[in-house]
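Below: the structure, in structure tokens.
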Amino acid sequence: MRHHIIVKWNNLVNDKDSLIPDIEKLFSAALEIKGIHSVEIHKNVIDRANRYDLMIVLVMEKSALEEYDNSVFHKEWKNTYSKYIESKAIFDCD
């Protein structure tokens, strides 16, 4: 399945691009979880108020979702970046 995390940053973020390297490094830990095959980080190329800013796509087995949700890096993602998120959508598909 593909697990999409789609994020809109809030007004505390002045330089959206500066967040990308640390997010890439953080999410690289996902590849250590059995059943997670790839991680892609995509930044939006159109900066408009009605657009989301970032999309993280993990290709994984459905069975890996629970371990992913409970992982140290996932908790770090939430603890570190939640204060910068105005809105977020999670979308899973085959």
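Which residue pairs have Cβ atoms under 8 Å apart, sit 6 or more places apart or on different chains, and have a first residue in the range 51-78 that is more than 11 Å from residue 33 (Cα to Cα) and a second that is open to solvent by less than 90 Å² (accessible area, probe 1.4 Å) and aromatic (Phe, Trp, Tyr)?
Every condition considered, the pairs that remain are 53/9; 54/9; 56/27; 58/27; 58/68; 74/68; 77/27.
From 63, 82, grab the single residue that is part of a helix (DSSP H, G or I) and farther than 20 Å from residue 9 by Cα.
63
What is the one condition in (1) of a type in the set (A, V, I, L, M); (2) more than 11 Å from the chain's Cα centre (by Cα); (3) exposed (fewer than 11 other Cβ atoms within 10 Å of the Cβ) that residue 90 does not satisfy?
Unmet for residue 90, out of (1) of a type in the set (A, V, I, L, M); (2) more than 11 Å from the chain's Cα centre (by Cα); (3) exposed (fewer than 11 other Cβ atoms within 10 Å of the Cβ): (2).
Residues to consider are 23, 6, 41; find the one that is assigned to a strand (DSSP E or B), closer than 15 Å to residue 88 by Cβ, in contact (Cβ under 8 Å) with a residue 12 or more places away in the chain and in contact with a helix residue (DSSP H, G or I) (Cβ under 9 Å, 6 or more places away or on another chain). Please lay out each step first, then the result.
Values: 23 fails: assigned to a strand (DSSP E or B); 6 fails: in contact with a helix residue (DSSP H, G or I) (Cβ under 9 Å, 6 or more places away or on another chain).
Residue meeting the stated conditions: 41.
The values are calculated or read from the model by the stated rules, or taken from the named source; none is laboratory data. Given the structure is predicted, the values throughout are model-derived calculations rather than measurements. Ideal geometry is used to build each Cβ from the backbone, glycine not excepted, and the neighbour counts take in all protein chains shown. Calculation scope for accessible area: heavy atoms of the full protein, side chains included, ligands and nucleic acids excluded. Shrake-Rupley method; radii C 1.70, N 1.55, O 1.52, S 1.80 Å.
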